[in-house]
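*Asks:* Below is the structure I would like to discuss, written out as structure tokens.
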Amino acid sequence: MEGNQEEKFDETEAALREEAARRKMITRLALVGGTNSENMIRRMLSAAMTNSLACIFNWVGKGEKRAFKDTLIKDCMFAAAHQFDRRLTELTFRVGVQKWLRYAPERNGGVPRKK
């Protein structure tokens, strides 16, 4: 199943090379909304990918994982979140995404992380 999710993700990434598809994705992601930018980032990530798909990513692609920072969907999410909160910085966005990706294995039924 994960391979299929990864394939769909790659197909979406390929489609996002088109400007019209990117604008449509940004609009769709912006509709997710949230109580604040951090909440919106989590909601967008949850809407865009399953926890099992998120398990194959980290921000920089360290180890066996893929780099989320290099994806077009990340660019769309930042654009949508920035529309929501004009004061949102790339650093704040990155930290929110990193935190969400870090806990994906736990949300996917894995062993809880040690605090």
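*Asks:* Mind checking which residues of the stretch 73-91 are part of a helix (DSSP H, G or I) and either more than 10 Å from the chain's Cα centre (by Cα) or exposed (fewer than 15 other Cβ atoms within 10 Å of the Cβ) (or both)? Show your work before the answer.
*Replies:* To start, the set of residues in the stretch 73-91 that are part of a helix (DSSP H, G or I) comprises 73-84, 90-91.
Within the stretch 73-91, ALA79, ALA80, ALA81, HIS82, GLN83, PHE84, GLU90, LEU91 qualify.
*Asks:* Would you pick out the residues in the stretch 52-67 that are farther than 13 Å from PHE9 by Cα and of a type in the set (Val, Ile, Thr)?
*Replies:* Matches in the stretch 52-67: VAL60 only.
*Asks:* Now for a separate question. Here are some conditions: (1) modelled with pLDDT of 95 or more; (2) in a helix (DSSP H, G or I). GLY3 meets all but one. Which one does it not meet?
*Replies:* All conditions are met except number (1).
*Asks:* Could I ask something else about it? Among ARG94, ARG17, which is the only one that is of a type outside the set (A, V, I, L, M, F, W, C), modelled with pLDDT of 95 or more and surrounded by 15 or more Cβ atoms within 10 Å (Cβ to Cβ)? If you could, list the steps in order and put the result at the bottom.
*Replies:* Details: ARG17 fails: surrounded by 15 or more Cβ atoms within 10 Å (Cβ to Cβ).
Result: ARG94 is the single residue among ARG94, ARG17 that is of a type outside the set (A, V, I, L, M, F, W, C), modelled with pLDDT of 95 or more and surrounded by 15 or more Cβ atoms within 10 Å (Cβ to Cβ).
*Asks:* How many residues does the stretch 20-30 contain that are over 15 Å from the mean Cα position of the chain (by Cα) and surrounded by 14 or more Cβ atoms within 10 Å (Cβ to Cβ)?
*Replies:* Within the stretch 20-30, residues that are over 15 Å from the mean Cα position of the chain (by Cα) and surrounded by 14 or more Cβ atoms within 10 Å (Cβ to Cβ) number 2.
*Asks:* Name every residue in the stretch 20-72 that is closer than 17 Å to TRP100 by Cα and β-branched (Val, Ile, Thr), in order of residue number.
*Replies:* VAL32, THR35, ILE41, THR50, ILE56, VAL60, THR71
*Asks:* So which residues in the stretch 31-42 are in a loop (DSSP other than H, G, I, E, B) and either without any contact (Cβ under 8 Å) to a residue 24 or more places away in the chain or exposed (fewer than 15 other Cβ atoms within 10 Å of the Cβ) (or both)? Write out each step before concluding.
*Replies:* At the first step, the residues of the stretch 31-42 found to be in a loop (DSSP other than H, G, I, E, B) are 31-36.
Selection gives LEU31, GLY33, THR35, ASN36.
The values are calculated or read from the model by the stated rules, or taken from the named source; none is laboratory data. Not measured: the values here are computed from a predicted model. FYI the Cβ positions are ideal-geometry reconstructions off the backbone, even for glycines, and counts take in every protein chain you see.
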